[in-house]
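Structure first, commentary second.
The values are calculated or read from the model by the stated rules, or taken from the named source; none is laboratory data. All of these numbers come straight from a predicted model, not from anything done at the bench. As a convention, Cβ positions derive from the backbone with ideal geometry for all residues, glycine included, and neighbour counts pool all protein chains shown. Remember, those area values only see protein heavy atoms, side chains included, never the ligands or the DNA or RNA. Shrake-Rupley method; radii C 1.70, N 1.55, O 1.52, S 1.80 Å.
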Amino acid sequence: LLDHAVGRDSVVHGGILLIDAPGFQWKGASGVLHPGSAMTLLPDDQFVAASITKMITATTLMLLVEDGCLALEMPVNRLVPVAVLKGLHTTESCSYEDQITVRQLLNHTSGLADFFGDGRPSDHGFSPFLEMVVDEPERFWDPLETLTWTKRFLKPVGFPGQGWHYSDTGYVLLG
């Protein structure tokens, strides 16, 4: 099935699949690392999942909403420690962290900056955070480190609920 999925679509050049079920585990790979590459993918290869994780996070949160464990209009400060939020959304000496809701984080209307994409681009055209990632490809960024970096180097882009701005930062909080 994996070979068929990779081979039938010219856009899909490779795939890795893990099935981990009670009493059964299988992992496999098909295709190449990137178009034109001779590097065959292996089952244990790693890659950046990037924003596909936002769908998984949103789906998990919506299941929690469905189960009554949380509500979309719930302020995030009821779910995330105040120390983590403090300074993340402060403008003109006013703090708006207590106004950010789960829904606003999900739909990118929290007003939070995007740690991954915002900031003055480098000579390479990368955001400041992405420049650090490129410079230190082996470094693992803990979610709290990314939030601390955001507080230190970026300013909010708007007020909670008053505009749309893509924000990886919001999804770090949701995670």
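General remarks:
- Taken over the range 28-51, the criterion of being of a type in the set (Gly, Ala, Ser), out of contact with any strand residue (DSSP E or B) (no Cβ under 7 Å at 6 or more places or on another chain) and modelled with pLDDT of 90 or more is satisfied by no residue.
- Flag if residue 88 is under 27 Å from residue 153 (Cβ atoms), of a type outside the set (Phe, Trp, Tyr) and within 24 Å of the chain's Cα centre (by Cα): yes
- Residue among 99, 25 that is more than 22 Å from the chain's Cα centre (by Cα) and either among the acidic types (Asp, Glu) or at pLDDT 95 or above (or both): 25
- The residues listed here are 112, 144; of these, the one that is out of contact with any Asp or Glu (no Cβ under 6 Å at 6 or more places or on another chain), among the aliphatic types (A, V, I, L, M), touching a residue at least 12 places away in the same chain (Cβ under 8 Å) and open to solvent by less than 20 Å² (accessible area, probe 1.4 Å) is 112.
- One residue from 156, 121 being open to solvent by less than 60 Å² (accessible area, probe 1.4 Å) and either at pLDDT below 95 or not in a helix (DSSP H, G or I) (or both): 156
- Any chance residue 40 is farther than 24 Å from residue 1 by Cβ, open to solvent by 50 Å² or more (accessible area, probe 1.4 Å) and of a type in the set (Val, Ile, Thr): no
- Condition met for residue 16 (open to solvent by 30 Å² or more (accessible area, probe 1.4 Å), more than 20 Å from residue 169 (Cβ to Cβ), among the β-branched types (Val, Ile, Thr) and free of Cβ contacts under 8 Å to residues at least 60 places away in the same chain): yes
- Flag if residue 64 is under 19 Å from the mean Cα position of the chain (by Cα), over 19 Å from residue 146 (Cβ atoms), of a type in the set (A, V, I, L, M) and open to solvent by less than 90 Å² (accessible area, probe 1.4 Å): yes
- Subset of the range 91-103 (residues that are over 22 Å from residue 153 (Cβ atoms) and either buried (at least 16 other Cβ atoms within 10 Å of the Cβ) or in contact (Cβ under 8 Å) with a residue 24 or more places away in the chain (or both)): 99, 101, 102, 103
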